[in-house]
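Engineer: Got a structure for you, written out below as structure tokens; questions coming shortly.
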Amino acid sequence: LLLDESLDLQLLLLNNLLCPMTEDPAGCVTGFNNQWKAVARAVYPVFLDGAKVCVDLGACGAKSFLSEETCDDCTAGVNAIAGLAVMRENVLEVIEYLKGDGYCAGSADPAYCQ
């Protein structure tokens, strides 16, 4: 998720899927292009940490590492992680984290960032 190629693909998706639905699509694209990589680098290690996601999904130890994963297992796992990402309580936690030390506190203008 944090490789430059992955972040570039994420930007492409955000810019093409979300920004057209905003009041200012061009401003949205500019904002994502200027901020997304730093935001992702701040959020992913904290909120998508493998051990944390495993616990949140109740999946730790659920399947032996010796058994072979199926396509359905992979799809279900990706969908479950996506479900965690959009849960209201998790979104609010990420927002509070970014407004504080996770991102805005280190920005050039913390008040504007929030």
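The values are calculated or read from the model by the stated rules, or taken from the named source; none is laboratory data. Every value quoted in this text rests on a predicted model; they were computed, and no experiment measured them. Virtual Cβ from ideal backbone geometry, glycine too; neighbours counted across all protein chains shown. All accessible areas refer to the heavy atoms of the entire protein, side chains included, with ligands and DNA or RNA removed. Shrake-Rupley method; radii C 1.70, N 1.55, O 1.52, S 1.80 Å.
Engineer: Sort by residue number and name the cysteines in the chain that have no neighbouring cysteine Cβ under 4.7 Å.
Structural biologist: Flagged as lacking a Cys partner: Cys71, Cys74.
Engineer: What distance in nm separates the simple spin-label points at Thr75 and Gln35, each placed 7 Å from Cα in the Cβ direction?
Structural biologist: Modelled inter-label distance: 3.6 nm.
Engineer: Could you tell me how many degrees, from 0 to 90 and to the nearest 10, lie between the Cα long axis of helix 25-47 and the main elongation axis, the longest principal axis, of the Cα atoms of the chain?
Structural biologist: Taking the Cα atoms of the chain, the angle to 25-47 is about 40 degrees.
Engineer: Determine the relative contact order of the chain: mean sequence separation of Cα pairs under 8 Å and six or more apart, normalised by residue count, in whole percent. Walk me through the numbers on the way to the answer.
Structural biologist: Values: 46 pairs, mean separation 24.4, N = 114.
Value for the chain: 21 percent.
Engineer: Any idea how far apart Cys54 and Leu12 come out in nm if each label point goes 7 Å out from Cα toward Cβ?
Structural biologist: 3.2
Engineer: If you don't mind, there's one more thing I want to ask. Given a 1.4 Å probe and the protein chains all in place, what does the accessible area of Asp101 round to, in Å² to the nearest 10?
Structural biologist: Roll a 1.4 Å probe over it and Asp101 shows about 150 Å².
Engineer: Give the angle, between 0 and 90 degrees and rounded to the nearest 10, that separates the Cα long axis of helix 4-13 from the longest principal axis of the Cα atoms of the chain.
Structural biologist: 70
Engineer: Sticking with this one: Across the chain, where is the longest run that never hits GluC sites (Glu not before Pro) in a DSSP loop with at most 13 other C-beta atoms within 10 Å? Kindly include the intermediate steps, with their values, before the conclusion.
Structural biologist: On the way: sites that count: Glu23, Glu68, Glu69.
Free of exposed loop sites, the longest segment is 70-114.
Engineer: Still on this structure, please answer the following. Suppose every Lys and Arg Cβ carries +1 and every Asp and Glu Cβ carries -1, with no other charges. What dipole size does the chain come out with about its Cα centre, to the nearest 20 debye?
Structural biologist: Rounded to the nearest 20 debye, it is 180 debye.
Engineer: With axes computed from alpha carbons, what is the tilt in degrees of helix 88-99 against the longest principal axis of the chain, rounded to the nearest 10 within 0 to 90?
Structural biologist: On a 0 to 90 degree scale, this one is about 50.
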